[in-house]
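Beneath this line is the structure, given in structure tokens, with notes to follow.
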Amino acid sequence: MTLPRDYSGQTCSLARSMEVIGERWTLLVVRDAFFGVRRFGEFAAHLGIPRAVLADRLATLTGAGVLAREAAGTGRREVYALTPKGVSLWPAVRALTAWGEEHYGAPAGPRRVFRHVADQAPVAADGRCGGCGEPVAPADLLVTPGPGLAPPGAGGDDPVTAALRAPHRLLTPLRP
């Protein structure tokens, strides 16, 4: 029996949220959008997700207003960008990432470290800068390689992983 996509009869806001972001792969697509992934092929290559599943997840996220499709220039396909509604998911993505690092992290440490653009200080799991103590908005975060990131050639050599080997500001497209 196929599970339904909705929680009919539920009046819970968490249940409504799960209808949009609760399917497998969906939060990873959102995470990659924060990293600056905008093209279908980049999502597919970085996540190793079946193309049909990715198309479905992108359709759900655009239909819900979490992502928007934008023109990518003359003769090019569309790209995806987080909307303000999508950007507001950052605290959930950050919290789940921190939880995963705490309970399932790599022995060498996190694969990626978030830093405050203003002072380069690491950002704590609660979203506050370790240097100035201020909460840091996603657009003011730099994602940098962490000690747990595998060296080049050790797998995961897709274009997104390669691009994220250098510090990169969140929400900035990986490719123009």
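Structure notes:
- Surface listing: Tyr104, Tyr80 arranged by accessible area from highest to lowest gives Tyr104, Tyr80, probe 1.4 Å.
- For the set Glu78, Glu42, the ranking by accessible area, highest first and with no ligand, DNA or RNA atoms included, is Glu78, Glu42 under a 1.4 Å probe.
- Solvent-accessible surface (1.4 angstrom probe) belonging to Phe35, in square angstrom, nearest 10: 10 Å²
- Calculated over the chain, the projected area of the Cα convex hull averaged across directions stands at 12.2 nm².
- About the centre of its Cα atoms, segment 7-94 shows a dipole size close to 140 debye [charges on the beta carbon of Lys, Arg (+1) and Asp, Glu (-1) only; nearest 20 debye].
- The Cα atoms of segment 103-176 cover 37, 35, 18 Å along the three principal axes, with the biggest extent listed first.
- Remark: accessible surface ordering of Thr26, Thr172, Thr11 (largest first) is Thr11, Thr172, Thr26, probe radius 1.4 Å.
- Taking the Cα centre of the chain as origin and assigning +1 to Lys and Arg Cβ atoms and -1 to Asp and Glu Cβ atoms, the resulting dipole is close to 380 debye.
- Per-selection Rg to Rh, segment 12-106 - Cα, Kirkwood hydrodynamic radius: 0.98
- The chain: relative contact order as a whole-number percent, Cα under 8 Å and 6+ apart: 22 percent
- By the helix-only formula, in which each DSSP H run with n ≥ 4 contributes -39500 (n - 2.57) and the sum is divided by residues, the chain has a 222 nm mean residue ellipticity of -10500 deg cm²/dmol.
- Net charge of neighbours whose Cβ lies under 11 Å from the Cβ of Val93, counting Lys and Arg as +1 and Asp and Glu as -1: +1
- Electrostatic bookkeeping for Pro159 treats Lys and Arg as +1 and Asp and Glu as -1; over the other residues with beta carbon under 9 Å from its beta carbon, the sum is -2.
- Neighbour cut-off at most 12 other Cβ (10 Å), DSSP loop, trypsin sites (Lys or Arg not before Pro), segment 64-146: Arg76, Arg77
- Extension gain from Ser88 to Phe40, taking 0.36 nm per residue of separation minus the Cα-Cα distance: 15.1 nm
The values are calculated or read from the model by the stated rules, or taken from the named source; none is laboratory data. The structure presented is a predicted model; accordingly, all values stated were derived computationally and were not measured. We place every Cβ from the backbone using ideal geometry, glycine too, and count neighbours over all the protein chains shown. Surface accessibility is based on the protein's heavy atoms, side chains included, excluding ligands, DNA and RNA. Shrake-Rupley method; radii C 1.70, N 1.55, O 1.52, S 1.80 Å.
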